[in-house]
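Bear in mind these aren't lab numbers, they're just calculated from the coordinates by the rules spelled out. Bear in mind that the values here come from a model prediction, so they are computed numbers and not experimental data. Here the Cβ positions follow ideal geometry from the backbone for every residue, glycine too, while neighbour counts run over all protein chains shown.
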Amino acid sequence: MQRGTVRVVDVRLITPDGVQRRTPDEIIGLLAGPGLVWIDVQYWDADTAQFLAKRLGLHQRAVHDCTVRNPVPKVHVYSAQTFLVLHAPERGAGGHVHHIELDQFIGSNWLLTVHGPMNPVVPLDSAYVETGTVARKLDGGRLRPIRAWELSGALVTALIRRLRDYLDALTEEVWNLERQVTGGHLGDPEQFLEELFAVRHGLLAIDTMAVMSREVYGQMSRLAVFGADGAVQLDDLADQFRRLAAMAHSQREYLQGVIEFYQTRTGTKMTIAAERLAVIAAVTLPITALSSILGMNVIVNDQTVVGPLLIVLAVMLIMSGILLVWTHRKGWW
């Protein structure tokens, strides 16, 4: 199938001898023959959905789920197929993390992959990271799955690697931010806090994706979706998601400690500055009060009377000195 000049559906026949590119019109014949059929849909529209649903016997609820954005990973197990939704991260502007959806229909000898709807600002290439990685391995002879769940596992392994790469990048940012904090960051605190919280949000996104994906694979393992042969793979993928979630959680806790350290130190500096301002205000208060009283109640003469002026100044200094000693005894400075 073609949409304009863009290929909408890629069909591959995988056998021990190699990988063959076939056409969508051959799908029915390929399913009846030997080998594993991988159908990758780059653009899911009504025509494509109808075309594939008829040939593969797709469940209508799952077909609808491919049309909309699914906020959380999930799995639906049907009699002849398993429908799986997973998410991968893509960094956005302002610390935002886009959820790149990959939907899979896993049949007996076929796998259908669908790239879910995305935010228009996300580059299209980010949707094809996992399928592109697996396709290159197939073409290079490094991967030869013979069952659909093995091919699905390869895609999920690539998705986990994508999560781990994002975690590695965020971890380097955590180290860099921690060095700045312990080195006495002197830049704009508001901008620096935004950087800290943006990285923390990225770690939270990875943690959330990994935890929910682990629950999905935990359910698939409990249901023995792929039988005894696929149980080991399901358990392994669930364990990989678990370990990834644990690492992301640990990094987030570490970064939270860095944030609290920075906020505490900044808050302490503000407190000290406020105390010093309070001392200045307290010391100058007698001068302000006395000058106000004299200004309101004493007629200003055409000439300065030195004696009363010196007395007033002396009183001001004595009162300010008394307050200065008192604040020092209180430990304000």
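Some values worked out for this structure:
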| item | result |
| --- | --- |
| Under-5 Å amide H pairs with residue 146, H placed in peptide plane, nonlocal only | none |
| Karplus-derived 3J(HN,Hα), 6.51/-1.76/1.60, for each residue of the stretch 36-45, Hz, glycine and proline x | 10, 9, 10, 10, 10, 9, 7, 9, 9, 10 |
| Separation of alpha-carbon centers, the stretch 47-85 and the stretch 196-214, rounded to whole Å | 27 Å |
| Quarter of Cα convex hull surface for the stretch 50-113, i.e. mean projection, nm² | 4.8 nm² |
| Alpha-carbon centroids, the stretch 128-194 and the stretch 86-106: separation in whole Å | 12 Å |
| Over the stretch 13-135, relative contact order from alpha-carbon pairs under 8 Å, at least 6 apart, % | 23 percent |
| Other-chain or far-sequence residues with amide H under 5 Å of residue 90's (modelled H) | 98, 100 |
| Globularity ratio of the stretch 106-261, using Cα Rg and 2.2 N^0.38 Å | 1.27 |
| Ranked by how many other beta carbons lie within 10 Å on average, peptides 190-196, 133-139 from highest | 133-139, 190-196 |
| Quarter of the Cα convex hull surface for the stretch 4-160, i.e. its orientation-mean projected area (nm²) | 9.4 nm² |
